1. Which numbered condition trips up Val361, out of (1) more than 22 Å from Leu217 (Cα to Cα); (2) assigned to a helix (DSSP H, G or I); (3) in contact with a strand residue (DSSP E or B) (Cβ under 8 Å, 6 or more places away or on another chain)?
2. Does any residue in region 263-283 that is farther than 18 Å from Phe107 by Cα come within less than 6 Å, Cβ to Cβ, of a residue that is β-branched (Val, Ile, Thr) six or more places away or on a different chain, and which pairs are these?
3. Return the residues of region 347-378 that are farther than 16 Å from Ile288 by Cα and touching a helix residue (DSSP H, G or I) at 6+ places or on another chain (Cβ under 6 Å); say none if nothing qualifies.
4. Could you list, in sequence order, all residues of region 221-240 that are under 23 Å from Pro147 (Cα atoms) and at pLDDT below 95?
5. How many residues does region 126-140 hold that are part of a strand (DSSP E or B) and surrounded by 14 or more Cβ atoms within 10 Å (Cβ to Cβ)?
6. Working only within region 111-125, note down all residues that are in contact with a strand residue (DSSP E or B) (Cβ under 6 Å, 6 or more places away or on another chain) and outside any strand (DSSP E or B).
Amino acid sequence: MPPDNRYPPSAPPRDRFLQRLLVVALALAALMLLWRVLPAIEDWFSPKQAAERTVTPRGDLAADEKSTIELFEHARNSVVYISTAEFVRDAWTRNVMTVPRGTGSGFIWDDAGHVVTNFHVIRGAAQATVKLADGRDYQAALVGVSPAHDIAVLRIGVGFKRPPPVPVGTSGDLKVGQKVFAIGNPFGLDWTLTTGIVSALDRSLPGEDGGTNIEHLIQTDAAINPGNSGGPLLDSNGRLIGINTAIYSPSGASAGIGFSVPVDTVMRVVPQLIRNGKYVRPVMGIEIDEGVNARLVRELEVEGVVVLRVVPGSAAAKAGLRGIRQDRDGSLYPGDIIVSVDGKAVDTVAKLSALLDERRVGDTVAIGVLREGKEQTLSVTLQPGI
């Protein structure tokens, strides 16, 4: 029979694949074209004038918001902005120029115009300018500093409209978890409020140039950045509980770990700086050394502070403390090893210095000593340090 030509022969498989691929490509192209022209189509049919919007009533502020706003408004006028400058001699003209050095924060201490800040804020500066919250600027005079506590006191001559002193609280009764508020000038952004909690208590940091540790520091997660130094840390009643002094941060910016000098320390140091221009430490009149002490206590297998020498005529000498003794044959015998102050354990020279620093000149303290293997207590009336 002749072949039936009513039905055309089917396309080869390769041609059918290309046909389907072409159909898919055309469909994708059409979708892409539609996607690009869709905004124009939508704009064509949209109204050409914006609809009027109405303001949604906010309602009343929350109670904690109101209290925070009130705290800031009351405390703001007690906080100051401090900018420092230094004198630099021009290498070509030999003229002395004043160039900016840095900025920091501070707060009004009393009606006499005393301003409290950190020592490191004004350290090395030739002059300091204090700016009040109302915009007035004053050249500040240096009253006194205590590098060991990172505290400095300035004074400005405010003849009228004196800014209010910050209310003073206590730090000995602080609790971890309670709210705190920091006001300062981070990165030059003046009168900035940050909030947080007391994260920990009784922290310690080395003092300036690796000196005596600053003890009993308050740790907080309230954001503290460069420029906050010297500003107040406040409790929920707006009372001063610390001076913001340092942060722990690998990057230099706030990492949620800030430290403040407790107000109990401020209350002990600042009046002396105003009165004497310096802080006089209460001491016993003994010679001690951290490096030597570490070796001796390791060899003696004890914990405490070894008295190397007692100053003749000192408070320690009057109390009967003994230093290292040497026989005629050159043999050395350990003296007293201080193990406690008023019942608080002592294991390092820094700890001993910090415990004595909590007292005042003229206070009598109970010094626990280890002498010839036996512990005994001596009463020492503290004398002023040099």
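1. Condition not satisfied by Val361: (2).
2. Tyr279/Val269; Pro282/Val361
3. Leu378
4. Ile224, Asn225, Pro226, Gly227, Asn228, Ser229, Gly230, Gly231
5. Residues flagged as part of a strand (DSSP E or B) and surrounded by 14 or more Cβ atoms within 10 Å (Cβ to Cβ) within region 126-140 amount to 7.
6. Result: Gly113, Asn118, Phe119, Val121, Ile122, Ala125.
Residue by residue, here is whether (1) more than 25 Å from Asp202 (Cα to Cα); (2) among the aromatic types (Phe, Trp, Tyr); (3) without any contact (Cβ under 8 Å) to a residue 12 or more places away in the chain; (4) not assigned by TED's automatic domain parsing to the domain that holds Ile243 holds:
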site	(1), (2), (3), (4)
Val311	yes, no, no, yes
Ala319	yes, no, no, yes
Tyr333	yes, yes, yes, yes
Val341	no, no, no, yes
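The rows are residues; the columns are (1) touching a helix residue (DSSP H, G or I) at 6+ places or on another chain (Cβ under 7 Å); (2) of a type outside the set (A, V, I, L, M, F, W, C); (3) crowded, with 19+ Cβ neighbours inside 10 Å.
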{"position": "Pro167", "(1), (2), (3)": "no, yes, no"}
{"position": "Leu174", "(1), (2), (3)": "no, no, yes"}
{"position": "Lys179", "(1), (2), (3)": "no, yes, no"}
{"position": "Ile183", "(1), (2), (3)": "yes, no, yes"}
{"position": "Thr194", "(1), (2), (3)": "no, yes, yes"}
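The values are calculated or read from the model by the stated rules, or taken from the named source; none is laboratory data. These figures come from a predicted structure and were not determined experimentally. Cβ: placed from backbone, ideal geometry, glycine included. Neighbour counts: every protein chain shown.
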